[in-house]
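Participant: Quick one: structure below, then a few questions.
The values are calculated or read from the model by the stated rules, or taken from the named source; none is laboratory data. It should be emphasised that the depicted structure is a prediction, and the values quoted were computed from it without experimental measurement. Because the Cβ atoms are built from the backbone with ideal geometry, glycine has one as well, and the counts that use them run over all protein chains shown. Just so you know, the surface numbers come from the protein's heavy atoms only, side chains and all, with ligands and any DNA or RNA stripped out. Shrake-Rupley method; radii C 1.70, N 1.55, O 1.52, S 1.80 Å.
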Amino acid sequence: MEILDVIQQPFMIRAIYGGLIIAILCAILGVFITLKRESFLADAVAHASLSGVAVAFVLSYQPIIFALAVGIFMAISITYLKKNTHIAPDSLIGMFYAILFAIGIVVINLSTEYQPELSTYLFGSILSITWTDIIYAVIALVVTLSILIGYYNKLVYATFDPEAAYIRGVDINKFEYIINILTSIAIIISIKVVGIILVTALLIIPASSAKLIAGKFKHMLPIALIQSIISVLVGILFSYYFETPTGATIVIVSGSIFILILLGNQIKKLST
Amino acid sequence: MSNIAIKADNLTVKISETEVIKNASFEINKGEVVYLVGGNGSGKTTLVKTILGLIQQDSGNIEIFSKPRTQKLVSQSFGYVPQYNQIDKDFPITVKEMIGLECSVSNNQCILNEEEHLKLFKAEKLLHRKIKELSGGEFQKILIARAMITNPEILILDEPNNNLDRDAQKDLRGIMQNLADEDKTIILITHDHNLIEDEDEKVLFLQHGKLHTDSAEHIINERIHF
């Protein structure tokens, strides 16, 4: 089938729209999470969301609603405890993630019915994305973009140098909650694309590539966006033609771009 | 009208249940140059971060220009030069972006643009450089320039001589002198007693969390080591 025929298939149209929106959403938030060196939080939220998905299956509710509740709960709890206790942040995240993931496994085991849709959440299935999923992603993107445009300088300063930002009057606590909650929402919404296990890659890889080549901060977001969009679109097409799992294919494409940039960077360094 | 810039009463700060600052009380007047000295780990940085509100005290009060310390008051009054290693130099940002951020989020206006301001520090050539490309001394200079772009009334410098070569240290002394002439309040944190030059200046001496007021004359003459 010709490429034009492929991308006109209804399921492919939904996959491309959904994939593009999620690529933009994850690239934006990935830049902040990566620069704050909090990639582990993203991974933990993704895994912890299994408990929400499992409970939703048992109660026959929409999994995304329960997963969102778990993700937002985790983002708020970890941010609060990090600021108000002396427990190391990585220990806090590790504990929450393990406990919530364990609850998910227990609930799935207690459920007597087989849940074929569960694999969609574990490994992703962008080709089964619905218009409702796309509406959720659009809402998350609009909220994220509004906050980014409204508070761009404060967000960047709070990410770069929180102490200096505080001294200049920025409410750094508020922005930490905002970024962590938005990241959790972006992760949960993206789970259907690449699955719980691989979703963090959508946030981290484009931002890490951008960090390698961006000279200025203002170049980071556009570079991460371009890489993210290319990875998702090429990943969807490759998965269709090679009949490979879409989420994993997207991550492999994204990872390959990162490796190419890394190699190019190293060659450039050696030649100067 | 009171002449006091910073007043602390019975300040106690605990970190992980350890009292890092114990019942510290002091006053710093407007236009004063004060050295905060003490050995490594004596609590110097903790004390200034508490003054700035970056660390909350467990007990005691802090007033800035005779008003209870608030974040707004801090942002209007202070410039802060952190220790060199507290900032992620791997962050993809240029000197211009870094100083521009300080102005863009500040309540105080920046009178000069980034380039004109850097000229005061003989650092205008660094304007478009990435911070990860700067040497230790260059970065220290940029940190000092950033803290001063909003023309704050009180400037706190944490170990400002670290990474500066002799010429840059001399430049820094000149800048401090100009600020003192403008009646700015300056707090210099150091573990290097050689930095203290003027016998008339006040010294706050931190030892095991206890704060003692000393004269610069005593520190210089006795060559006290921290």
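Participant: Where the second residue is among the charged types (D, E, K, R) and outside any helix (DSSP H, G or I) and the first is over 16 Å from A:Gly169 (Cα atoms) and more than 10 Å from every other protein chain (Cβ to nearest Cβ) and lies in segment B:53-79, which pairs have Cβ atoms under 7 Å and are six or more apart or on separate chains?
Facilitator: B:Asp58/B:Lys14; B:Gly60/B:Asp9; B:Asn61/B:Asp9; B:Ile62/B:Arg69; B:Glu63/B:Lys7; B:Glu63/B:Arg69
Participant: Considering B:Leu179, B:Leu143, B:Leu112, which residue is open to solvent by less than 10 Å² (accessible area, probe 1.4 Å) and in contact (Cβ under 8 Å) with a residue 12 or more places away in the chain?
Facilitator: The match here is B:Leu143.
Participant: Of all residues in segment B:1-12, which are charged (D, E, K, R) and either under 19 Å from the mean Cα position of the chain (by Cα) or loosely packed, with under 13 Cβ neighbours inside 10 Å (or both)?
Facilitator: Result: B:Lys7, single match.
Participant: What helices (runs of 4 or more DSSP H), lying completely within segment B:87-203, carry at least 2 residues that are within 14 Å of another protein chain (Cβ to nearest Cβ) and of a type in the set (Gly, Ala, Ser)?
Facilitator: In segment B:87-203, B:95-104, B:136-148 are the helices (runs of 4 or more DSSP H) which contain 2 or more residues that are within 14 Å of another protein chain (Cβ to nearest Cβ) and of a type in the set (Gly, Ala, Ser).
Participant: Residues B:Asn107, B:Asn85: which one is over 22 Å from B:Asn162 (Cα atoms) and open to solvent by 20 Å² or more (accessible area, probe 1.4 Å)?
Facilitator: The match here is B:Asn107.
Participant: I'm checking my understanding of the structure. Among residues of segment B:183-211 that are surrounded by fewer than 19 Cβ atoms within 10 Å (Cβ to Cβ), modelled with pLDDT under 85 and acidic (Asp, Glu), which one is farthest from B:Ile28 (Cα to Cα)?
Facilitator: Looking at the filtered set, the residue picked out is B:Asp192.
Participant: Considering only residues that are within 15 Å of the chain's Cα centre (by Cα), among the β-branched types (Val, Ile, Thr) and more than 17 Å from A:Leu20 (Cβ to Cβ), which ones fall in segment A:114-142?
Facilitator: none
Participant: Collect the residues in segment A:51-62 that are within 16 Å of A:Lys192 (Cβ to Cβ), open to solvent by 10 Å² or more (accessible area, probe 1.4 Å) and either aliphatic (A, V, I, L, M) or touching a residue at least 12 places away in the same chain (Cβ under 8 Å) (or both), keeping them in residue-number order.
Facilitator: A:Phe57
Participant: Is there a residue being at pLDDT below 95, within 14 Å of B:Lys210 (Cβ to Cβ) and either among the hydroxyl-bearing types (Ser, Thr, Tyr) or outside any strand (DSSP E or B) (or both) anywhere in segment B:51-67?
Facilitator: Scanning segment B:51-67 turns up no residue that is at pLDDT below 95, within 14 Å of B:Lys210 (Cβ to Cβ) and either among the hydroxyl-bearing types (Ser, Thr, Tyr) or outside any strand (DSSP E or B) (or both).
Participant: Something else: Please determine whether any residue of segment B:8-17 is under 24 Å from A:Ala164 (Cβ atoms), touching a strand residue (DSSP E or B) at 6+ places or on another chain (Cβ under 6 Å) and at pLDDT below 90.
Facilitator: The answer is no; no qualifying residue exists.
Participant: Just need a number here: residues in segment A:165-174 that are open to solvent by 10 Å² or more (accessible area, probe 1.4 Å) and either facing chain B (nearest Cβ under 10 Å) or in contact with a Lys or Arg (Cβ under 8 Å, 6 or more places away or on another chain) (or both).
Facilitator: Qualifying residue count for the region: 5.
Participant: OK, next. Looking at segment A:203-222 only, could you name the residues that are open to solvent by 10 Å² or more (accessible area, probe 1.4 Å), closer than 23 Å to A:Ile93 by Cβ and of a type in the set (A, V, I, L, M)?
Facilitator: Of everything in segment A:203-222, those that are open to solvent by 10 Å² or more (accessible area, probe 1.4 Å), closer than 23 Å to A:Ile93 by Cβ and of a type in the set (A, V, I, L, M) turn out to be A:Ile204, A:Ile205.
Participant: Within segment B:18-41, which residues are more than 13 Å from the chain's Cα centre (by Cα) and open to solvent by less than 10 Å² (accessible area, probe 1.4 Å)?
Facilitator: Of everything in segment B:18-41, those that are more than 13 Å from the chain's Cα centre (by Cα) and open to solvent by less than 10 Å² (accessible area, probe 1.4 Å) turn out to be B:Ile21, B:Ala24, B:Ile28, B:Gly38.
Participant: Please go through segment A:201-238 and pick out each residue that is within 14 Å of chain B (Cβ to nearest Cβ) and under 21 Å from A:Phe11 (Cα atoms).
Facilitator: Hits for segment A:201-238: nothing passes.
Participant: Taking interchain pairs and intrachain pairs at least six residues apart, which have beta carbon atoms under 7 angstrom, with the first residue in segment A:153-176 and in contact (Cβ under 8 Å) with a residue 24 or more places away in the chain and the second crowded, with 23+ Cβ neighbours inside 10 Å and outside any helix (DSSP H, G or I)?
Facilitator: As it stands, the answer is A:Phe160/B:Ile93, since those pairs meet every condition given.
Participant: Which condition number does B:Ile15 fail, the rest of (1) without any contact (Cβ under 8 Å) to a residue 24 or more places away in the chain; (2) open to solvent by 30 Å² or more (accessible area, probe 1.4 Å); (3) of a type in the set (A, V, I, L, M) being met?
Facilitator: (1)
Participant: Right, here's the next one. Go through the residues of segment A:67-84 one by one and say whether even a single one is open to solvent by 60 Å² or more (accessible area, probe 1.4 Å), under 24 Å from A:Leu29 (Cβ atoms), touching a residue at least 24 places away in the same chain (Cβ under 8 Å) and in a helix (DSSP H, G or I).
Facilitator: Yes, segment A:67-84 contains at least one residue that is open to solvent by 60 Å² or more (accessible area, probe 1.4 Å), under 24 Å from A:Leu29 (Cβ atoms), touching a residue at least 24 places away in the same chain (Cβ under 8 Å) and in a helix (DSSP H, G or I).
Participant: Something else now. Could you check segment A:5-50 and list, in sequence order, the residues that are buried (at least 24 other Cβ atoms within 10 Å of the Cβ) and of a type in the set (Ser, Thr, Tyr)?
Facilitator: Within segment A:5-50, just A:Ser49 meets the criteria.
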